[in-house]
Amino acid sequence: MDQEDVITEEPKRVIITDYANALRQKAIRQGSKYKVRAFRGDQEFEVFRVPLSVLRFRKQNGRLASDVLGHRELFAELPEDSQKAQELLGEFIDKKSPDLNKTLYKSLASAGQLEPAIVTVDGFLINGNRRKRTLEKLTVDKGGSQFSYMDVVILPGDGDEGGAPLNKEIKKVENALQAQNIGKADYTKFDQALSMREAIQDGYSLSEQMRDDPEFGDMSSKEFASALRSRENEYLKPLECIDEYLTFFGAPGVYSAVAATKGDPDGRWQAFLDYSNRVQKKLDDPKELVKLGVKETEIGRVQDVAFTIIRQRVFSEHADLPKLHKIMRDLPDLLKVDRAKKELFKLNDIDHQPLPKAGPEGIDDRKWVGDNQTNITRRVVTAYESWKRQSGQETVIKMLEDILSDLQSEQMDPDTVTLSDLQVALSLLDDIKKTAKDVEKTFFDTKKKVESQKESLKR
């Protein structure tokens, strides 16, 4: 291992000695080795078989970020070595990617564990949390001992060569595992953003995280700078907007209020993404404010409008309104129309009660929505109607301008597209060209028709 690969910054992960001793006593060598990517030069470790009872869920797992952080703000910090915390983490895992959990259950039941998990020396899982949870269920459902063990590689402890891993090193390993993403549960965009930011706070910069991902590792400086901006805009900026939203409604850090749920699979992430890129970015730019016709003193009023609409969330029952994220995309255009803007600003008068406290099923905001839904919907519908009346035929031109703008965007960078998606992108571009020709023909036909009608009138 090269000296430059050894990380010397703090903080180190605190090791629980009793847990480490119990793990070592029960670990059985399997006679094979496994390479841990991104850990001190892709170091190899022996594989051990250990009972599930000496393994524990790790609360810093990126896939559980929104649940853990939300619970901390609502109730208390989770001491992950407690039985209560382990039960809660298990429940969080059950709620994440339920379809993939079912697939994993079938896979482990028929084929067993295909690759070892990675654990700290005291048995906290860096990856393999879902596998442990699934094996526990199989042990109950199927009986016997065949599902009561896991194959793992054990990272060093305080007395081992190199010492216990730093939090940053663990984040690097998790980042590499996420990049592989082979048969594992996908991170939600929200959890991924929280995980990125937590890694930054541990000294693992976004630039470093991306450089450790093969997708970005070989980019030129210019390409990488563009990809870095895109990732900030795609993950970190929307997360900042979520923090502002939660603070606005008196629930700072309660991420469970906007995270994915059974009835809300998107968790409003796309709405915050579009708000961040289409609204907040303009509010931060004095030149764009002028184009919007929004005064500096009205910035807070616009944020109030957007957050009120996002809190209601569901507009699908009203046929004249698009989905939530599309409303956020349209908001700048609505604000340019005086009558629409005045109508939307009436939402500032709504009683913005704090988000309610969480119950057993999470945060239930139905009372606030029920009390205000009719008012909010009416204002948004009227704003759209005012926009459409003023836009008229300009709507078609605006659509074409938006399409051209998206295609000319800095984010439309082929170098940031993964190899697997390149063919999909090329296929879509081919469809766009064909569709553009069809649309062009339709417009030419309409032009000829109008010109013919004019000639007829002259006669």
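Quick notes on this structure:
Yes or no, residue by residue, for (1) within 30 Å of Lys95 (Cβ to Cβ); (2) at pLDDT 90 or above; (3) part of a helix (DSSP H, G or I); (4) out of contact with any helix residue (DSSP H, G or I) (no Cβ under 8 Å at 6 or more places or on another chain):
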residue	(1), (2), (3), (4)
Pro356	yes, no, no, no
Val369	yes, yes, yes, no
Ile376	yes, yes, yes, no
Val380	no, yes, yes, no
Ser386	no, yes, yes, no
Asp402	no, no, yes, yes
Met412	no, no, no, no
Asp415	no, no, yes, no
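- Residue match in region 444-457 (condition: at pLDDT 85 or above, more than 25 Å from the chain's Cα centre (by Cα), assigned to a helix (DSSP H, G or I) and not assigned by TED's automatic domain parsing to the domain that holds Asp213): yes
- Answer residue from region 107-125, given it is among the aliphatic types (A, V, I, L, M) and not in a loop (DSSP other than H, G, I, E, B) and is nearest to Arg37 (Cα to Cα) among those: Ile118
- Top-ranked residue of region 139-161 - restricted to ones that are under 17 Å from Glu174 (Cα atoms) and assigned to a loop (DSSP other than H, G, I, E, B), ranked as nearest to the chain's Cα centre (by Cα): Leu155
- Close pairs from region 361-383: first under 15 Å from Lys342 (Cβ atoms), partner charged (D, E, K, R), Cβ under 7 Å, at least 6 apart: Arg379/Glu343; Arg379/Lys346; Val381/Asp320; Thr382/Glu343; Ala383/Glu343
- Filtered by the rule that a residue be basic (Lys, Arg) and within 17 Å of Val279 (Cβ to Cβ), region 231-259 gives a lone residue, Lys237.
- When Leu289 is tested against (1) under 28 Å from Asp365 (Cα atoms); (2) of a type in the set (A, V, I, L, M); (3) at pLDDT below 95, just one condition goes unmet, and that condition is (1).
- When residues of region 87-138 are limited to those that are basic (Lys, Arg) and under 21 Å from the mean Cα position of the chain (by Cα), the one surrounded by the most Cβ atoms within 10 Å (Cβ to Cβ): Arg130
- For region 207-221, the candidate set comprises residues that are modelled with pLDDT of 85 or more, out of contact with any Asp or Glu (no Cβ under 9 Å at 6 or more places or on another chain) and of a type outside the set (Asp, Glu); within that set, the residue that is nearest to Lys172 (Cα to Cα) is Gln209.
- The single condition among (1) surrounded by fewer than 20 Cβ atoms within 10 Å (Cβ to Cβ); (2) among the hydrophobic types (A, V, I, L, M, F, W, C); (3) under 21 Å from Glu343 (Cβ atoms); (4) touching a residue at least 12 places away in the same chain (Cβ under 8 Å) that Ala306 does not satisfy is (1).
- Each residue in region 56-85 was checked for being at pLDDT 70 or above, farther than 21 Å from Ala199 by Cα and surrounded by fewer than 17 Cβ atoms within 10 Å (Cβ to Cβ), and 4 pass.
- Qualifying residue in region 25-32 (condition: over 30 Å from Met196 (Cβ atoms), among the aliphatic types (A, V, I, L, M) and either in contact with a Gly (Cβ under 6 Å, 6 or more places away or on another chain) or at pLDDT below 90 (or both)): no
- Of all the residues in region 268-303, those that are β-branched (Val, Ile, Thr) and crowded, with 19+ Cβ neighbours inside 10 Å number 3.
The values are calculated or read from the model by the stated rules, or taken from the named source; none is laboratory data. These numbers come from a predicted model, not from an experiment. Positions of Cβ are backbone-derived with ideal geometry, glycine not excepted, and every protein chain shown enters the neighbour counts.
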